[in-house]
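> Sharing a structure here in structure tokens format.
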Amino acid sequence: MTNTLMSTDEQVRTVIAKASAGWTANDADAIAALYTEDAAAVLAGGVFLRDRTAIRDRLAWGFAGPTKGSTMTDQVESVRFVGDQVAIVITVGGFRFPGETELPAGRGRRTTWVLAGQNEVWLVKSFHNVPTD
């Protein structure tokens, strides 16, 4: 069986860009659609989200409350492929509230994303972020 999924840096970076755009739009559904159904996320503070529904619900809660109106910046630092259908991406960034032009101290994050080639598209399988400052 021939794998038709192309493991390209550009395809993987597009997923990260879509996640950042979804955050900036405060669109939990758009971000959740980038995750596999059985994806997992570990957030700063040790919060463990066990699947896409939990990830979506947490995002929706944030966009309705503490992170409402915020925008996301994520700069890709590294993309590595493990075989043809797994990519490990490291990003650095964080979120800003309306009116902020710089990322304030305490809101920087470094994130590890594990993406899987699934049904000829890249989806997030695992997400983990930690504070950078």
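The values are calculated or read from the model by the stated rules, or taken from the named source; none is laboratory data. Source: prediction; values computed, not measured. Using ideal geometry, Cβ is built from the backbone for each residue, glycine included, and neighbour counts are taken over all protein chains shown. Surface accessibility is based on the protein's heavy atoms, side chains included, excluding ligands, DNA and RNA. Shrake-Rupley method; radii C 1.70, N 1.55, O 1.52, S 1.80 Å.
> For segment 118-131, which residues satisfy the criterion of being open to solvent by 40 Å² or more (accessible area, probe 1.4 Å) and either touching a strand residue (DSSP E or B) at 6+ places or on another chain (Cβ under 8 Å) or at pLDDT 95 or above (or both)?
Answer for segment 118-131, where residues must be open to solvent by 40 Å² or more (accessible area, probe 1.4 Å) and either touching a strand residue (DSSP E or B) at 6+ places or on another chain (Cβ under 8 Å) or at pLDDT 95 or above (or both): Gln118, Lys125, Ser126, His128, Val130, Pro131.
> Then there's this: Here are some residues: Asp29, Asp74. Which one is open to solvent by 40 Å² or more (accessible area, probe 1.4 Å), of a type outside the set (A, V, I, L, M, F, W, C) and over 26 Å from Asp133 (Cα atoms)?
When all the criteria are applied, what remains is Asp29.
Listed here are the residues, each with its yes/no results for (1) over 13 Å from the mean Cα position of the chain (by Cα); (2) farther than 17 Å from Leu123 by Cα; (3) open to solvent by 60 Å² or more (accessible area, probe 1.4 Å).
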{"site": "Ile55", "(1), (2), (3)": "no, no, no"}
{"site": "Trp61", "(1), (2), (3)": "yes, yes, yes"}
{"site": "Pro66", "(1), (2), (3)": "yes, yes, yes"}
{"site": "Arg80", "(1), (2), (3)": "yes, no, yes"}
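> Looking at (1) more than 15 Å from Asp9 (Cβ to Cβ); (2) open to solvent by less than 70 Å² (accessible area, probe 1.4 Å); (3) under 10 Å from the mean Cα position of the chain (by Cα), which is the only condition Thr91 fails?
Against the list (1) more than 15 Å from Asp9 (Cβ to Cβ); (2) open to solvent by less than 70 Å² (accessible area, probe 1.4 Å); (3) under 10 Å from the mean Cα position of the chain (by Cα), Thr91 comes up short only on (1).
> Then there's this: Only one of (1) surrounded by 15 or more Cβ atoms within 10 Å (Cβ to Cβ); (2) in contact with a Gly (Cβ under 7 Å, 6 or more places away or on another chain) fails for Gln85. Which number is that?
(1)
> From the list Leu103, Leu115, which residue is over 16 Å from the mean Cα position of the chain (by Cα) and surrounded by 12 or more Cβ atoms within 10 Å (Cβ to Cβ)? Steps first, please.
Details: Leu115 fails: over 16 Å from the mean Cα position of the chain (by Cα).
One residue alone meets the criteria, Leu103.
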